[in-house]
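The structure appears below as structure tokens.
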Amino acid sequence: MYRRLDAERLPHHVAIIMDGNGRWAGKRSLKRFFGHQQGAEAVQYVVETASRIGLPWLTLYAFSLENNLKRPKAEVNFLMRLLKSYLTNNVQRMNDNNVRIQYVGRTEELPDEVRERMQWAAEATKRNTGTTLTLALNYGGRSELVDAFRRLAAEVQRKGLRLDQVSEVDIHRHLYTAHMPDPDLLIRTSGEMRVSNFLLWQIAYTEIYVTDRLWPDFRGIHMLEAIEDYQRRERRYGGLNDGTESDDVESLPASQLAV
Ligand code: FPP
């Protein structure tokens, strides 16, 4: 174990927004494709580090719905080919590292040959019990919520439920990630301070760590640094827990209650 980590307080779930492939290539006067290729290499390093420290859940934002719409067709095609070859070339290593792979997103819209390879990799690794690697593919947080609300509305109709019986638990049950814990830590590379439509419901109380490092330069050690930073924080989940006494609101003059 990386000596500065507290093994007792490892996060259960780390999610990563992998950003900066294009900038990495641009800085070297290379085409964006090379950045994506190096980015795919970085994925495997990070996955194996996750497995080594016993991280149960690692979720990577590999391909957003918006990517699909906004990137040039040739780049989207390249990303699809890269995903296929990543899976083909790394399933053996995933098995060696006890890593199971699964996917979230509107994956039914991906090309057939990509979906077949995805299913093959999921099937080949499904018995592994170490880290679960979740790739978010053709994923958008808002569209996940739309999909969840549609399924929930259908259930409400089918079972004739009253609307005041619907709770957060019911929304959670219909998310793509219903079987997973929410992320404890969200890492974003290449410096942007945005969540970019990633796991919107699930990150309500997630700690966020942003690094300027571009994704193709990101390695396991950098994930460990992020976890170390996370371990220095005190999580409050919306509560106080900050060492102050809670205010006795009843005894405050009305003028101090104005917000
Ligand atoms: C953003 O870089 C990164 C992505 C398109 C997502 C990550 C994709 C990979 C790491 C490649 C393949 C993934 C797998 C799982 C094999 P960008 O092009 O938006 O960078 P920029 O903001 O610098 O242009």
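The values are calculated or read from the model by the stated rules, or taken from the named source; none is laboratory data. Fair warning: this is a prediction, and the values are worked out from it, not measured in the lab. Cβ atoms come from the backbone with ideal geometry, glycine included; neighbour counts cover every protein chain shown.
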Exercise for the section: Take M118 and decide whether it is within 11 Å of the ligand (Cβ to nearest atom) and farther than 20 Å from A226 by Cβ. Expected result: yes
Problem - Unique residue being outside any helix (DSSP H, G or I) and over 23 Å from Y86 (Cβ atoms) when the list is H179, H172 - result: H179
Practice task
For R236, indicate whether it is at pLDDT 60 or above and out of contact with any His (no Cβ under 8 Å at 6 or more places or on another chain).
Solution key: yes
Practice task
Considering each of F149, F198 in turn, give the residue that is of a type outside the set (S, T, N, Q) and not in a helix (DSSP H, G or I).
Solution key: F198
Problem - Selection from the stretch 12-54 of residues that are of a type in the set (A, V, I, L, M) and over 20 Å from the mean Cα position of the chain (by Cα) - result: A25, L30
Practice task
Taking the residues in the stretch 1-58 that are touching an Asp or Glu at 6+ places or on another chain (Cβ under 9 Å) and modelled with pLDDT under 95 as candidates, determine which candidate is nearest to the ligand (Cβ to nearest atom).
Solution key: Y2
Problem - Residues being surrounded by fewer than 20 Cβ atoms within 10 Å (Cβ to Cβ) and within 16 Å of the ligand (Cβ to nearest atom) - total across the stretch 158-191 - result: 1
Exercise for the section: Among the numbered conditions (1) within 20 Å of A7 (Cα to Cα); (2) in contact (Cβ under 8 Å) with a residue 40 or more places away in the chain; (3) assigned to a loop (DSSP other than H, G, I, E, B), tell me where E234 comes up short. Expected result: (2)
Handout entry: Any pair with Cβ under 8 angstrom, 6 or more apart, that starts in the stretch 76-103 at a residue that is without any contact (Cβ under 8 Å) to a residue 40 or more places away in the chain and ends at one that is of a type in the set (G, A, S) and not in a helix (DSSP H, G or I)
Key = R100/G130; Y103/A136
Problem - Test set (1) over 17 Å from S196 (Cβ atoms); (2) surrounded by fewer than 22 Cβ atoms within 10 Å (Cβ to Cβ) - V46 fails condition number - result: (2)
